[in-house]
Amino acid sequence: MKPAPMRILLVEDDELFRLGLSMRLSKEPGLEVIAEAVDGETAIELTNQHLPDVVLLDVGLPGVGGVEACRQIKQHHSQMPVLVLTSHSQKQLIERLIAAGASGYCLKGIEAELLILALRSVAAGASWWDQTVTAEIRAAMTGNLPVQIKTAGESQNLLTHREQEILALIAAGKTNQEIAEMLHIATGTVRVHVHAILQKLEVRDRTQAAILAVQKGLVAAELLAKS
């Protein structure tokens, strides 16, 4: 049976940009733009009405505004991923988005393939933060992560528990397919988690991630033991 497509609510007040983005996303297999909104109030209403898999949200919206729309969406649907798409990258804005519960952040101008990967990542439960603002995100998120492991070389571990599990298996030399089978998740889900891990650790490949995991103690000892 063919899997159901990812249902996306697109929120963008720039009509030409919204139409172009909607057309591009709709052409991608496995993605479906189920509704569009041009302001924060409508975005909240359509979220409640359609319960999309992901909300792709512009920050600079008229009315309620993107940050407040994100906060209200997450208040009523805490598990719903919200991926922010905007032209702004100020540290203060990022901090507000994190506080509002955003799952990720992409700058406008991002390549379509990367935006699609970002959507799949947040839908799978991973996070996605644009590389140009990684430093600001690290500073803003200190002390506000779901899992925090104290290590000798790092003050905070930026990885979620699932990402720690996958990193431990990477360090043990497991392939994506083997990790998927061991954790009973899809291979595609492993790929998006691996991408998030590489981005958070600021390394180029899984080999560097594995080395860093061992050297810095970035995964809990019991996880390494299990792998």
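The values are calculated or read from the model by the stated rules, or taken from the named source; none is laboratory data. Since the model is a prediction, treat every value here as computed from it, not as a measurement. FYI the Cβ positions are ideal-geometry reconstructions off the backbone, even for glycines, and counts take in every protein chain you see. We work out accessible area using only protein heavy atoms, side chains counted, and drop any ligands, DNA or RNA first. Shrake-Rupley method; radii C 1.70, N 1.55, O 1.52, S 1.80 Å.
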Would you be able to say whether some residue in the range 48-57 is among the hydrophobic types (A, V, I, L, M, F, W, C), under 21 Å from G125 (Cβ atoms) and at pLDDT below 95?
no
Selection over the range 1-36 where residues are within 21 Å of the chain's Cα centre (by Cα), among the small types (G, A, S) and at pLDDT 90 or above yields a count of 4
Can you tell me which residue is nearest to the chain's Cα centre (by Cα) among those in the range 38-88 that are charged (D, E, K, R) and within 17 Å of R7 (Cβ to Cβ)?
D53
Failed item, numbered, when L61 is tested on (1) under 18 Å from Y105 (Cβ atoms); (2) not in a loop (DSSP other than H, G, I, E, B); (3) not small (G, A, S):
(2)
Quick one: how many residues across the range 90-109 are open to solvent by less than 40 Å² (accessible area, probe 1.4 Å) and either touching a strand residue (DSSP E or B) at 6+ places or on another chain (Cβ under 7 Å) or outside any helix (DSSP H, G or I) (or both)?
9
For S155, all conditions in the list (1) at pLDDT 80 or above; (2) open to solvent by 60 Å² or more (accessible area, probe 1.4 Å) hold save one; what is the number of the exception?
(1)
Is it the case, given these coordinates, that L117 is in a helix (DSSP H, G or I), modelled with pLDDT of 75 or more and under 26 Å from G20 (Cβ atoms)?
yes
Specify the residue that is farthest from V67 (Cα to Cα); the eligible residues are those in the range 28-57 that are assigned to a helix (DSSP H, G or I) and acidic (D, E).
E45
Report yes if L25 is part of a strand (DSSP E or B) and open to solvent by less than 20 Å² (accessible area, probe 1.4 Å), otherwise no.
no
